[in-house]
Amino acid sequence: MPNVGKSTVFNSLTRAGAEALNYPFTTIDPNLGVAPVPDGRLNALAGVMSSKRVVPATVDFVDIAGLVRGASAGEGLGNQFLGHIRECDAIAHVVRCFEEENVVHVHGGVDPEGDIETIDTELLLADLAAVERRLERVGRAAKGGDARLKAEATGLEGLRDHLSDGSPARAFPSSGALAEAMGTLITAKPTLYVANVDEESVADGNRYSSQVEKYAAREGAEAVRISAKLEAEVVELSEEEAVEYLAMLGVRTTGFQEFVRSVYRLLGLLTFFTSAEKESRAWTVREGSTVRQAAGRIHTDMERGFIAAEVGDWEDIVEAGSWARAREEAKVRLEGRDYVVRDGDTVLVRFNV
Ligand SMILES: Nc1nc2c(ncn2[C@@H]2O[C@H](COP(=O)(O)OP(=O)(O)OP(=O)(O)O)[C@@H](O)[C@H]2O)c(=O)[nH]1
Ligand SMILES: [Mg+2]
C-alpha cells in the first residue's frame, strides 16, 4: 500500500537514504539498496582469527511504489509497479500496523487484514491474467499434438482454477511442465509479511500486528514485527544511547536483524565462512550447493582449479582458536568437489590454475 512505511523500512535496512515522506506515491521509481546480514558467528570467527577486515553477507533490497486497488488493471501505474515485483526473488510485504492521525491511509483507517487482502487480490489478478494469456497461447499450440505442450496446458488450467479460488500460486502443487510459467508469477514468490508497528509495540506487538501474524500463519507464510520509526530514531543515536533506549522500551533489537534473517531463510540461502587474519567473510550460496560451486563464489579460479577444501564447523574453529589448532584436533576435514556445503561451514579452498 502507499504510505505504509516501505521506504522508511528500506532506509533502516540499507541506510540508502531514499525519500520517505508523508504522502502516498512518494516513491515512483524503485530505490536499490544493500543490507548486511547480521551474523554473530562471523564476528566470533573474526575475533579468534584477529581478522583485520570483517565482511558480512548481504541481501539486495528494492523499494518500490505502493499498489492500490485496481493495480492489476493498470490503476495508479499498476502494471509498471507489478513489473518491478516480478523481477525480485522474494517479496517483503510491508503492512501498516501503527496509528498516526497525521499519516494518511489511502483506503481509510488502519486495517492490516483488509490491506493485505487488497494487495494480495491485485497480485492474484495479475497472475491470473498472465496465466490466461499463456494458456491461450499454449492451448493453441498444443492442438499440434505435442505432448509437452498438452501437459502444460492441462497444468495451466488447474493453476487458473486454483488462482480463481483466491489461492496463491506458491500453494499450487507445481509439476515440471509448469516450471517456466511459475517462474514469472508474483504469487509464486516466497513472501514475508512485515508488520510495521509503533515504538511502544515492538516488544509485545499490538492488535494489528497479531492480525498480520494470524494471516501469515494461515497462508503458511512468515511474518516479522518491526518498528521502522524506532529504527530511524535509533540510527541517529550512539551505540550506548541506543542500547539504553531499547532497554527502556523492553526490547533488545528493533526487529531488523530478525527481518534480514527471515529473508535469508525464505530464499533458501545458507552462509559459509572464510576466515583468516587478513579477512573473515560470510558468503551466500543456495542450499544444496557443492563446495566447488561455493568456491566459485569466492573466485572463479577457485572453482576452475578446485582440488579439495578443508572444512570445519564455525563453532569448532572458534573453540580451537586457530585454523592450525583445529587441524591438530581433527576438527577440520578434507572434502572433495561434490561435498554439499552446510550452513556454518568454514572453508579453506585448495586450488591450482
Ligand atoms: N508514526 C509512524 N509513522 C511512520 C512509521 N513508518 C513510517 N511512518 C511515516 O509514514 C510516512 C510514509 O512513510 P514512507 O516510508 O514514505 O512510506 P512508503 O510506503 O514508502 O510510501 P510511498 O512510497 O508513498 O508508497 C512517513 O511520514 C513516515 O515517517 C511508523 O512506524 N510510525
Ligand atoms: Mg516509498
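Read the figures in this text as sums done on the coordinates, not as results from a lab. Bear in mind that the values here come from a model prediction, so they are computed numbers and not experimental data. Cβ: placed from backbone, ideal geometry, glycine included. Neighbour counts: every protein chain shown.
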Listed residues ALA18, ALA90, ALA217, most fluctuating in the chain (Gaussian network, C-alpha, under 10 Å): ALA217
Distance-filtered residues of segment 298-312 - backbone nitrogen under 16 Å, label point 7 angstrom along ARG333 Cα→Cβ: 308-312
Rounded D (µm²/s) - the chain, Kirkwood Rh over Cα pairs, Stokes-Einstein at 25 °C, 0.890 mPa s: 108 µm²/s
Mean-position separation - Cα centroids, segment 83-106 and segment 283-312, in angstrom: 37 Å
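Nearest 500 deg cm²/dmol is fine: what mean residue ellipticity at 222 nm does the chain get from its DSSP H runs of n ≥ 4 alone, each adding -39,500 (n - 2.57), divided by its residue count? Don't jump to the answer; show the numbers that get you there.
On the way: 14 runs with 149 residues, N = 353.
So the calculated ellipticity at 222 nm is -12500 deg cm²/dmol.
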Check: segment 134-228 dipole with +1 on Lys, Arg Cβ and -1 on Asp, Glu Cβ, in debye: 600 debye
Candidates ASP115, ASP204, ASP127, ranked by Gaussian network fluctuation over the chain, Cα under 10 Å, top entry: ASP204
Area projected by the alpha carbon convex hull of segment 175-316, averaged over all directions, nm²: 13.5 nm²
Excluding exposed DSSP-loop GluC sites (Glu not before Pro) (at most 16 other C-beta within 10 Å), longest clean stretch of the chain: 102-235
Most positive-pole-ward Cα, THR300, VAL332, THR290, against dipole of segment 280-353 from beta carbon charges: THR300
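Place a +1 charge on the Cβ of each Lys and Arg in segment 125-171 and a -1 charge on the Cβ of each Asp and Glu, then give the dipole magnitude about the Cα centre in debye, rounded to the nearest 20. Provide the component values of the computation, followed by the final result.
Numbers: 9 positive and 8 negative charges, 49 e Å.
Approximately 240 debye in magnitude.
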Antiparallel DSSP beta bridges within segment 267-348, percent to nearest 5: 95 percent
Size of electric dipole in the chain: Cβ of Lys, Arg +1 and of Asp, Glu -1, about Cα centre, debye, nearest 20: 1680 debye
For the chain: relative contact order, % (alpha-carbon pairs under 8 angstrom, 6 or more apart): 18 percent
Debye log10 I(q)/I(0) for segment 91-192, one point scatterer per Cα, at q = 0.24 Å⁻¹: -1.22
For the chain, built as a Gaussian network whose Cα springs stay under 10 Å, the top-fluctuating residue of VAL48, VAL68, VAL311: VAL48
Spin-label zone in segment 229-266 - amide nitrogen under 19 Å from a point set 7 Å from the Cα of ASN22 along the C-beta vector: 229-234
Inter-site label distance for ASP89 and ARG207 at 7 Å from Cα along Cβ, in nm: 4.0 nm
Whole-Å semi-axes of the ellipsoid equivalent to segment 218-262 (Cα gyration tensor, √5λ, descending): 24, 10, 9
Hits among lysines - C-alpha to C-alpha of LYS6 under 29 Å, sequence gap 8 or more where chains match: LYS189, LYS214, LYS229
Cα lying deepest toward the dipole's positive end in segment 1-152, options HIS84, THR27, PHE98, charges on Cβ: HIS84
Cα shape, segment 1-54, gyration tensor, a/c 1.5 rule: prolate
